[in-house]
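Below is one structure, written out as structure tokens; comments come after it.
We did not get these values from a lab; they are worked out from the coordinates using the rules stated. The structure displayed is predicted, hence computed values, not measured ones. Here Cβ is always computed from backbone atoms with ideal geometry, including for glycine, and neighbour counts include all displayed protein chains.
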Amino acid sequence: MKTFKVLGGGCRNCEVTARAIEQAAREAGVEIRLEKVTDMAEILGHGVMSTPGVVLDGQVIHSGGVPAPDQVRAWMQG
Amino acid sequence: MFDALGALIAFRLLHLEPASGLGAAVHFFVMDVAKIFVLLVIVIYVMGLLRAMLSPERVREFVRGRPDWQARGMAVTLGAVTPFCSCSSVPLFIGFVEAGIPLGVTFSFLIASPMINEVAVVILIGVLGWKLTTLYVLAGLAVAWFGGIVMQRFRPERWVEDYVWKIRLGEANRVEPDRSLRGRHRQALAEVREILRRLWLWVLIGIGVGALFHGFVPEDWVSRYLGGEAWYTVPAAVLLGIPLYSNATGVIPVAEAMLTKGVAVGTTLALMMSVAALSLPEMLILRKVIRWPALALFAGVLAVAFMLVGWGFNLIA
């Protein structure tokens, strides 16, 4: 079980990112938990200033834009 | 080349009269759509390949702890070369505050960033030429520089929401991006896709408005009312730009149409800056971190600055 967090104040790009992760997980048959974090204190607590950012199991793995599809797919491996 | 393509489609394929309003509008539209989108794809791809873009996190590290004028100089320059989604302006603002960067410097960054960016600059050169691009960039940098200083004078710290001061920024353990040529190419392509997805509608609307202006607004009407003699055209342009929100790139075709019809340079620059940097949605987003007086002041300082730019250029032109 992988735990993803999408960091962002609820803008469109954050929505797009969350949906991309959900879809990639479905396609890979990987079970995930996805949480959308809109609280600024928590977003900045992860050291992220440019949203959307993505956190996987407590690690910031992406920030500053919508991740590329193959990038999202790679997160489902391993 | 793009001119010829526009002519081919408007006059040969659609059999429109070159002298008619509709013919001129369609010609303008086709020409600008082709030119701007080709330029956009090239410039975004090359920038992505060079990885010239700096993340706001890196900007923060550069600027923090510097003396005021140095910090401001860097904030303005880095603001001009760093693209960021306006939905990022809140975390960015908090991150700057947390680093102890003066608010005036942060405002300089927030002003420069939407107004000037490398994509808009390349399109500006392609569409309006070197001279006007230089004017726009220099004026924009000056507005960002002095706008931040004026903001600082009013001690805006007192209007920052309390919770902002309490937030602590965590250490980011960032993953190094793939630096191989293939990785860069993939990243550049992804950037082209993402930025185009974000921009295409603004650019199309901008070209549409430009085309209508080009085709249907009579020249003598423009020279009578917008030629630059009447002082009130500049504040009118700034006011018009506040509710209108577009990207700096989207407003370029509108400026192109205005200039070719003889609208004064200063009036055009004032409208461009107002549309790109002074927008209601942006202000409402910033309301999360600063209270109304600071927002009103921010809007006021920008409006005055754009008017000065407009009047200044109309005077010397």
Applying a 10 Å radius around every beta-carbon, put B:250-257, B:146-153, B:229-236 in order of their mean neighbour count, most first. B:250-257, B:146-153, B:229-236
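Per residue of B:191-201, count partner chain C-beta atoms within 10 Å of its C-beta, then hand back the mean as an integer.
On the way: counts 2, 0, 3, 6, 1, 0, 4, 4, 0, 0, 0.
Per residue, the average neighbour count from other chains is 2.
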Of all lysine pairs in the protein assembly as shown that are eight or more residues apart or on different chains, those with Cα atoms under 27 Å apart total 10
Between A:Ala74 and B:Trp221, the two model label points (7 Å from Cα along the beta-carbon direction) sit apart by a distance in nm of 5.5
Charge tally for neighbours of B:Arg72 with beta carbon under 14 Å away, counting Lys, Arg as +1 and Asp, Glu as -1, is +2
Report, in order of residue number, the helices in chain B meeting two criteria: a C-alpha extent of 24 Å or more along the helix axis, and a mean Kyte-Doolittle hydropathy of at least 0.0; treat each whole DSSP H run as one helix. B:21-50, B:130-153, B:181-216, B:292-316
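So what's the back-of-envelope 222 nm ellipticity for chain B, counting only DSSP H runs of four-plus at -39500 (n - 2.57) apiece and dividing by all residues, rounded to 500? The partial results should precede the final answer.
Values: 16 runs with 227 residues, N = 317.
After summing the helix terms and dividing by residue count, I get -23000 deg cm²/dmol.
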With just the Cα atoms defining each centre, how far is the stretch B:262-317 from the stretch B:92-153? Give it in Å. 12
How crowded by other chains is A:46-57, given as the mean number of beta carbons from other chains within 10 Å of each beta carbon? 6
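I'd like to compare B:155-167, B:209-221: which one has the highest average count of other Cβ atoms within 10 Å, and what's the full order after that?
Details: B:155-167: 13.8, B:209-221: 16.3.
By packing density, highest mean first, the sequence is B:209-221, B:155-167.
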Using only the alpha carbons of chain A, determine the length spanned along each of the three principal axes and report them from longest to shortest in whole angstroms. 32, 22, 16
What whole number of Å gives the distance from the Cα centroid of the stretch A:4-78 to the Cα centroid of the stretch B:238-259? 34
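Once you wrap a convex hull around the alpha carbon atoms of the protein assembly as shown, what is its projected area averaged over all directions, in nm²? Intermediate values should be presented prior to the final figure.
Values: hull surface 83.4 nm².
Mean projected area for the protein assembly as shown: 20.9 nm², to one decimal.
Quick check on the protein assembly as shown: of the DSSP beta bridges with both residues there, what percent are antiparallel, nearest 5%?
Details: 9 of 15 bridges.
Just about 60 percent of them are antiparallel.
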For chain B, what does the convex hull of the Cα positions come to per residue, in cubic angstrom? 133
Can you pull the mean other chain C-beta count within 10 Å for peptide A:62-72? 5
For the stretch A:2-76, give me the percentage of DSSP beta bridges that are antiparallel, rounded to the nearest 5 percent. 55
